[in-house]
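The next block holds one structure in the form of structure tokens; read it before the comments.
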Amino acid sequence: MDFKGKAILLSGATGGIGEEIAKQLSKEECNIALLARGEEKLKKISEEINSDKTKCIYKKCDVKNKENVKEAVKFVYNEFGKIDLAILNAGILIANPIETMDSSIIIKTMEINFFGNVYFFESLFPYMKSQESATIAVTSTLPDKRGIAGWGAYGASKAALSLLIESFRAEAKQKYNINFITIKPGSVKTPMIADYQRPGAISPERAANIILNGIKRGKKIIEFPFSQVIMTKIGDLFPVSAYDAVPVNMQKGGGYPEVEEK
Ligand SMILES: NC(=O)c1ccc[n+]([C@@H]2O[C@H](COP(=O)([O-])OP(=O)(O)OC[C@H]3O[C@@H](n4cnc5c(N)ncnc54)[C@H](OP(=O)(O)O)[C@@H]3O)[C@@H](O)[C@H]2O)c1
């Protein structure tokens, strides 16, 4: 895909990875629509990006709210007359320790990481089906096959997301020429993981660069960084008894919150 002249919607545009994607897209002479809840930051990024060659608009949007998502997609389509590419990147990470098992964490995570994207698919499809082609690239996560101790809310939301995308991919392409791309990052140094120690984490600049190059090349799955991809694939092959033998504190990683039993 050549980004020049394309209309691009980006959710999670104020975060570590999203802001970098927006900045790197600004060099591609395309039209960009930034979405997130933080209006001040959206305005600031948009002002930095806007130029003679790149039009950048923004709209406040809480992805938990189906009407918000519907209105945001309509706004972008009305402004640009098309949506060639939607990069759906909004997400949250909340630890869910077993000691204080709390269903509200799991519900909130599913609302944003899973249903937030479901609302986008529902709102985007009518517009994209009427176009000759379109692409939807969605940020899941690298470890989306096996549960990790203490991170089940996040893992379950992303595993569900990856599977939903997988189920849409062939049908969307064959019937409507809509390309689905699953973005699977390992650790990226953003505010999301600021409190945790993640060896091998890469910069948001590098992550954004890999993501945009992957979209340009028409990849169906964009997974990175290489060393973590290999480790994850090896872990996926472990029999369950070997996988369960990995110490829980090692699975949780450095910086995991210490909590008292309720
Ligand atoms: N960093 C990593 O190591 C890593 C690894 C794997 C996958 N990912 C995924 O990559 C994506 C980007 O993460 P990041 O690391 O850049 O995180 P981040 O810096 O925390 O940014 C998260 C973005 O999501 C937006 N967001 C959160 N809740 C929202 C809501 N209810 N409605 C609308 N927007 C919302 C935030 O904007 P507002 O707060 O302004 O709304 C922000 O723009 C996420 O989907 C994340 O799960 C990250």
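Each value in this text was obtained by applying a stated rule to the coordinates, not by laboratory testing. A quick note: this is a predicted structure, and the numbers were derived from the prediction, not measured. Every residue, glycine as well, gets a Cβ built from its backbone with ideal geometry; the counts of neighbours run over all protein chains shown.
Separation of the range 44-78 from the range 187-258 is 29 Å, based on Cα centroids.
Full extension of the chain segment joining Ile98 with Glu171 gains 22.4 nm, where the gain is 0.36 nm per residue of separation less the Cα-Cα distance. Taking a ≥ b ≥ c as the square roots of the eigenvalues of the Cα gyration tensor, the range 18-87 is oblate, since a/c reaches 1.5 or more and a/b is not larger than b/c. Principal-axis analysis of the Cα atoms of the chain puts helix 39-49 at an angle of about 60° to the longest axis.
Relative contact order of the range 7-252, taken over Cα pairs closer than 8 Å and 6 or more residues apart, is 18 percent. Highest mobility in the GNM of the chain, judged by mean-square fluctuation with C-alpha springs under 10 Å and restricted to Glu132, Glu20, Glu67, is found for Glu132.
With each label modelled as a point 7 angstrom along the Cα→C-beta vector, the Ile107-Met1 pair spans 3.5 nm.
Between 0 and 90 degrees, the angle of helix 226-237 with respect to the longest Cα principal axis of the chain falls at about 50 degrees.
The alpha-carbon of Lys233 sits under 14 angstrom from the alpha-carbons of these aspartates and glutamates, leaving out residues fewer than 8 places away in its chain: Asp144, Glu223. Estimated from helical segments only, the mean residue ellipticity of the chain at 222 nm is -14000 deg cm²/dmol, where each DSSP H run of four or more residues counts as -39500 (n - 2.57). Springs join every pair of Cα atoms under 10 Å in this Gaussian network model of the chain, and among Ala242, Ala201, Ala90 the largest mean-square fluctuation is at Ala242.
Close amide-amide hydrogen proximity is noted between Phe180 and Ile136, each under 5 Å apart and 5 or more residues distant or on a separate chain (H modeled in the peptide plane; Pro and chain starts excluded). Within the listed set Ser133, Ser123, Ser104, the Gaussian network model of the chain (springs between alpha-carbon atoms below 10 Å) gives the highest mean-square fluctuation for Ser104.
Once every Cα of the range 7-252 carries one equal point scatterer and solvent is ignored, give the base-10 log of I(q)/I(0) from the Debye formula at q = 0.08, 0.17 Å⁻¹, two decimals. Evaluating at q = 0.08, 0.17 Å⁻¹ gives log10 I(q)/I(0) of -0.30, -1.35. Cβ-Cβ distance of Lys70 and Glu47, R₀ of 35 Å, FRET efficiency by 1/(1 + (r/R0)^6): the value works out to about 0.85.
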